[in-house]
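Visitor: Mind having a look at this structure? Questions to follow.
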Amino acid sequence: MDNELFGYSAIADREPVIWPGGARVAFYIGLNVEHYQIDRPSTSIFPGTAELAPDPLNYGWRDYGPRVGIWRLTEILDRYQIRASVLLNSDVTEHNPRIIEAGLARDWAWLAHGKNNSIFQAGMSVDEERAYLTDVVAAIERATGGRPRGWMGPALTETFRTPELLAELGLSYVLDWTNDDQPYRLNVPGMLSVPYSVELNDIGLFVGKSLSGPDFVRIVRDQLDQLYADSADSGRVMALALHPFVIGQPFRARYLAEALGYIANHPGVWLTTSDEIAAHYMERH
């Protein structure tokens, strides 16, 4: 079947994107704050035990994030005055309310990221998915005091109906379609796609490719330098995808700080959130 959610658009043919203050690159951190069920396989550092229930090795590795890693990341983000765009499993509001408290104190942006990262809505009927999304959005609204504006599916999963159902709930953008350096409108009224990255992503870089901390810094710098060069005539978006159980490990923290220091001190960079990127683009384009 053909893709009906969005059409083809060559970035070279578009009207210029203008960011606030004449910035050339809009930068945000997509901070994955997730809950995993103990009896289901999920993202693993050692596949040999991934199908076991329980799986202390891999579950414990993931659980390092909310217990320890998130707090190391919070200190680094505070150091550079960067607000996170939190990709939030709604189960976190029940199991890790201390994280919600810390994020509210820092005015983080909250995006819906499903119920947890063990359940995907792929294969749900339209009524099942509508009920699922309604529950997720309501739980996040209760915990944060505001309705989320954005969505990223667990493991970037959607059904063909997801954007339409999210629009019914008042959301205005998704991060799941990682095919551009600029926001663009979907063929669902009021819905945008905002850039996210599966490449500039700590799981892919550190776990998938086993890269080192200095490799990470070089890749982040190269990404920004190229996007800055590309943006001479039209603004770009740079998303950095982080997971506290990966980048929050002690031996990696210094390299995140080094990479963020480069970004924060680079001219022409708007340190922002995915909410603000979506709102600005929707208003101006």
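Nothing in this text is a laboratory measurement; each read-out follows from the coordinates by a stated rule. Keep in mind the model is a prediction, meaning the values are calculated, not measured. Quick reminder, even Gly has a Cβ in these numbers, built from the backbone with ideal geometry, and neighbours come from all protein chains shown.
Visitor: For the range 137-159: of the residues being small (Gly, Ala, Ser) and at positive phi, which is farthest from the chain's Cα centre (by Cα)?
Guide: Only one residue fits best here, namely Gly145.
Visitor: Residue under question is Ala102, and the condition is that it be within 15 Å of Leu31 (Cα to Cα) and free of Cβ contacts under 8 Å to residues at least 40 places away in the same chain; does it hold? Talk me through it step by step, then tell me what you get.
Guide: On the way: within 15 Å of Leu31 (Cα to Cα): yes; free of Cβ contacts under 8 Å to residues at least 40 places away in the same chain: yes.
So Ala102 fits the description; yes.
Visitor: Name, by its number, the condition in (1) farther than 21 Å from Ala241 by Cβ; (2) in contact (Cβ under 8 Å) with a residue 24 or more places away in the chain that does not hold for Thr74.
Guide: Exception for Thr74: condition (1).
Visitor: Given the criteria in contact (Cβ under 8 Å) with a residue 12 or more places away in the chain, closer than 17 Å to His35 by Cα and part of a helix (DSSP H, G or I), does Pro66 qualify?
Guide: Answer is yes for this residue.
Visitor: Which residue pairs have Cβ atoms under 7 Å apart, sit 6 or more places apart or on different chains, and have a first residue in the range 178-189 that is within 18 Å of Trp19 (Cβ to Cβ) and a second that is among the basic types (Lys, Arg)?
Guide: Close Cβ pairs (under 7 Å, with a partner that is among the basic types (Lys, Arg)) amount to Asp181/Arg236; Gln182/Arg236.
Visitor: Consider only pairs whose beta carbons are under 9 Å apart and that are at least six residues apart or on different chains; among these, list those whose first residue lies in the range 209-230 and is farther than 18 Å from Ala264 by Cβ and whose second residue is β-branched (Val, Ile, Thr) and assigned to a helix (DSSP H, G or I).
Guide: Going by the 9 Å Cβ cut-off, the qualifying pairs are Leu211/Ile219; Asp230/Ile11.
Visitor: Of Val194, Val220, Val198, Val188, which residue is crowded, with 18+ Cβ neighbours inside 10 Å and touching a Gly at 6+ places or on another chain (Cβ under 8 Å)? Give the steps one after another, and end with the answer.
Guide: Values: Val220 fails: touching a Gly at 6+ places or on another chain (Cβ under 8 Å); Val198 fails: crowded, with 18+ Cβ neighbours inside 10 Å; Val188 fails: touching a Gly at 6+ places or on another chain (Cβ under 8 Å).
The conditions single out Val194.
Visitor: Here is a further query. Would you say Ala278 is aliphatic (A, V, I, L, M), part of a helix (DSSP H, G or I) and farther than 25 Å from Leu156 by Cα?
Guide: No.
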